[in-house]
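First up is the structure itself, then whatever we jot down about it.
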């Protein structure tokens, strides 16, 4: 418990976790489409506003878990309610709280049936996502991890596209398989340590065999969630069939739960296995970057294109994590935020064009630049950000990841560079078709440009594209101490342990 900075007074983290759930319960008793929309927007906006004090009260010079709360829950089984956050999790919590009001606004006209249940699912999702990033007890973490599964399944299965049943079942089965592996690892660690308190499980002298088995269980569970190649096949189907808000939540937050788990659990709980298996995971990340780029380049469906681009972008995140140096990990965390901002915004753009053309096919969305100047302006900036154009947020993240990779292995870094080139190719191809098209464009004269609500939804995303791109230092400062301590402990551990890394070299 020495690693916790207990927050005296108002339990802010618990308030943020359970406010959306309380808002969801209100929807069980009060019905009406207008009320459901306004109530959900109010609750998510209040949650976002109340998360700002986390940033104001956070001490970036401390690597301890701040705003911590610890209460006995089931003492006989050593299960407690313990929450807290450090420099690795604070940006992910803020990303979650700040993005949810825009998911509600994006669904304002898009969702026309069963509106109250839809808003209920959004609020329950927010509780589970915040809980995952702040839980410091493994049972509590697992409850929040599983809590997310049902509402996301319902979002796809009820409000999804023509193949929604197939996509939702595939999402459910893949995620459930990962959850079973995660549960097995948690139970194994509990039997070894006698506690579910996550920090107590870190940096313990587990045997290499035990660490390897636990690492593999963790890694497979989190790789499915990311998803890493070749565990990615559920993602394009889920993204294509999900409603716009579902796609935004998947891209912006849910995928980050996997990479967050790798950082939070794999590195400090199974350090020997991490160093032993890092090299094959790095090459798996490279494979994902290249595969995602080539597959995105071949897509005619805009949602599929962006979905496959996520496979490539998240490959850069896992690459940064497992090079095991400061630049790589800080770049990976920043890239988690960047991907959430940019890809979330791109899915919002696709949803807006779908509301007008009732199609996501590039062939039917060509040449809209003449009639939708505001739309193509936003789309252009988000597309530039997606392939890491200098001055945008993704450039900083990818630059740090590649710098860390060069520091680790020059040949590995060179192998990742074609992924950045492919990203430029498929994003510019999409942008050219949507803005100008060709000589045989469909008649788009009936299309209307973005209204005030839609501009208000996209503008904050554009703000963060340039804020992070031109001034990333405040974001890096928040995570630096926690990342430095993690790597310091990892390197200290490496010096005092016999690790068979030579086998993979």
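Determine how many Å³ per residue the convex hull of the Cα atoms of segment 187-251 encloses. Could the numbers behind the result be given before it?
Details: hull volume 7.7 nm³, N = 65.
Considering the Cα atoms of segment 187-251, their hull volume per residue is 118 Å³.
So, in Å, what gap is there between the alpha-carbon centers of segment 360-395 and segment 81-118?
So the two Cα centres are separated by 24 Å.
Could you calculate the FRET efficiency of residue 28 with residue 463 from 1/(1 + (r/R0)^6), where r is the beta carbon distance between them and R0 is 25 Å, rounded to 0.05?
Values: r = 36 Å, r/R0 = 1.42.
That gives a FRET efficiency of 0.10.
What ranking of 439, 44 emerges when the number of other C-beta atoms within 10 Å of each C-beta is taken as an exposure proxy, fewest first?
Ranked by crowding around the Cβ, least crowded first: 439, 44.
Based on alpha-carbon centroids, what's the gap between segment 221-285 and segment 190-211 in Å, whole number please?
Computed from Cα coordinates, the inter-centre distance equals 23 Å.
Pull up the DSSP beta bridges for the chain and report the antiparallel fraction as a percent, rounded to 5.
Bridges in the chain that DSSP calls antiparallel: roughly 80 percent.
If each Cα of segment 384-460 is one equal point scatterer, what is log10 of I(q)/I(0) from the Debye formula at q = 0.20, 0.25 Å⁻¹?
Each listed q maps to, in turn, -0.97, -1.15.
Taking Cα atoms of segment 228-338, Rg/Rh with Kirkwood Rh, to two decimals?
Result: Rg/Rh = 0.99.
Under a point spin-label approximation (7 Å from Cα along Cα-to-Cβ), what is the residue 6-residue 64 distance to one decimal in nm?
1.1 nm
In nm, what is the difference between 0.36 nm times the number of residues separating residue 495 and residue 50 and their Cα-Cα distance?
Going from the current span to full extension adds 155.9 nm.
Rounded to the nearest 0.05, what FRET efficiency do residue 207 and residue 180 give with R0 = 22 Å and r taken as the Cβ-Cβ distance? Could you check?
Numbers: r = 23 Å, r/R0 = 1.06.
The computed FRET efficiency comes out at 0.40.
Sorted from fewest to most neighbouring beta carbons within 10 Å, what does the list 200, 241 look like?
On the way: 200 16, 241 25.
Neighbour counts put them in this order, fewest first: 200, 241.
Determine, at each q value in 0.12, 0.13, 0.16 (inverse angstroms), the log₁₀ of I(q)/I(0) that the Debye formula gives when each Cα of segment 1-127 is one equal point scatterer.
Treating every Cα as an identical point scatterer, log10 I(q)/I(0) equals -0.53, -0.60, -0.82.
With just the Cα atoms defining each centre, how far is segment 421-487 from segment 303-326? Give it in Å.
Each part's Cα centre sits 16 Å from the other's.
Measuring from a point 7 Å past the Cα of residue 446 along Cα-to-C-beta, which residues in segment 350-365 have an amide N at less than 20 Å?
351-365
Does anyone have the angle between helix 149-159 and the longest principal axis of the chain? Alpha-carbon axes, 0 to 90°, nearest 10?
Between the helix axis and the principal axis of the chain, the angle is about 10 degrees.
Here, each number is a calculation from the coordinates, and none is a lab measurement. Small disclaimer: the values here were computed from a predicted structure and weren't measured. A quick note on method: Cβ atoms are made from the backbone with ideal geometry, for glycine too, and the neighbour counts reach across all protein chains shown.
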